[in-house]
Amino acid sequence: MNIEAESLLKQYFGYDSFRPMQAQIIQSILNKKDAVVLMPTGGGKSLTYQLPVFLQPGLCLVVDPIKSLMEDQVRVLNNNWIDCCDYINSNLKREEKQSKLIDFKFGQTQFLFVSPERFVMEDFRNIIKTIDN
């Protein structure tokens, strides 16, 4: 595993070493290979997509069907001094959702957590399509 990944693991996430399979998954992502990850609750899935975002350019759109989980993920990242993340869910007003989506589009937010239903909304899809244009 690359030294920079191990340094970030300790500095931002507070872990001395990777759990089983995390390093291989992260390396696969850094090698620009697709990864389908099935791990038990508490198995360390989040780290496998969060850490690679810091090691390469780009944004991370996280699809999460559970509102409380996406809010918890953002809270945990914020507690680890990672404040470039946000979420959009049905608890927010339309204006808040639009503002957060625009922040993501222009890189003000690096991680954006959304529900799967968001993809049936045309305005959401239209903004996502224009990222990197």
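The values are calculated or read from the model by the stated rules, or taken from the named source; none is laboratory data. This structure is a prediction, so every number in the text was calculated from the model and none was measured. Every residue, glycine among them, receives a Cβ derived from its backbone with ideal geometry; neighbour counts consider all protein chains shown. Ligands, DNA and RNA are stripped out before the accessible areas are found, and what is left, the full protein with its side chains, is counted by its heavy atoms. Shrake-Rupley method; radii C 1.70, N 1.55, O 1.52, S 1.80 Å.
Within region 80-94, track down each residue that is open to solvent by 30 Å² or more (accessible area, probe 1.4 Å) and over 25 Å from Asn2 (Cα atoms).
Asp86, Tyr87, Ser90, Asn91, Lys93, Arg94
Being open to solvent by 50 Å² or more (accessible area, probe 1.4 Å) and touching a Gly at 6+ places or on another chain (Cβ under 9 Å) narrows it down to one of Leu69, Leu59, so name that one.
Working: Leu69 fails: touching a Gly at 6+ places or on another chain (Cβ under 9 Å).
Being open to solvent by 50 Å² or more (accessible area, probe 1.4 Å) and touching a Gly at 6+ places or on another chain (Cβ under 9 Å) holds for just one of Leu69, Leu59, which is Leu59.
Which members of region 1-51 meet the condition of being without any contact (Cβ under 8 Å) to a residue 40 or more places away in the chain and touching a Cys at 6+ places or on another chain (Cβ under 9 Å)? Outline the logic, then answer.
Going residue by residue through region 1-51, those that are without any contact (Cβ under 8 Å) to a residue 40 or more places away in the chain are 1, 3, 6-7, 10-11, 15-49.
The answer is Tyr49, and nothing else.
The rows are residues; the columns are (1) in contact with an Asp or Glu (Cβ under 8 Å, 6 or more places away or on another chain); (2) of a type outside the set (Gly, Ala, Ser).
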site: Pro40; (1), (2): no, yes
site: Gly58; (1), (2): no, no
site: Asp72; (1), (2): no, yes
site: Leu77; (1), (2): yes, yes
site: Ser90; (1), (2): no, no
site: Lys97; (1), (2): no, yes
site: Ile102; (1), (2): no, yes
site: Phe106; (1), (2): no, yes
site: Phe111; (1), (2): yes, yes
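Which residues, taken from region 77-107, are closer than 16 Å to Cys60 by Cα, in contact (Cβ under 8 Å) with a residue 24 or more places away in the chain and either touching a helix residue (DSSP H, G or I) at 6+ places or on another chain (Cβ under 9 Å) or of a type in the set (A, V, I, L, M) (or both)?
Within region 77-107, Leu77, Ile82, Cys84, Cys85, Asp86, Tyr87, Ile88, Leu101, Ile102, Phe104, Lys105 qualify.
Taking region 1-47 as the region of interest, how many residues are open to solvent by 70 Å² or more (accessible area, probe 1.4 Å) and either more than 20 Å from Asp72 (Cβ to Cβ) or among the hydrophobic types (A, V, I, L, M, F, W, C) (or both)?
Residues meeting the conditions: 17.
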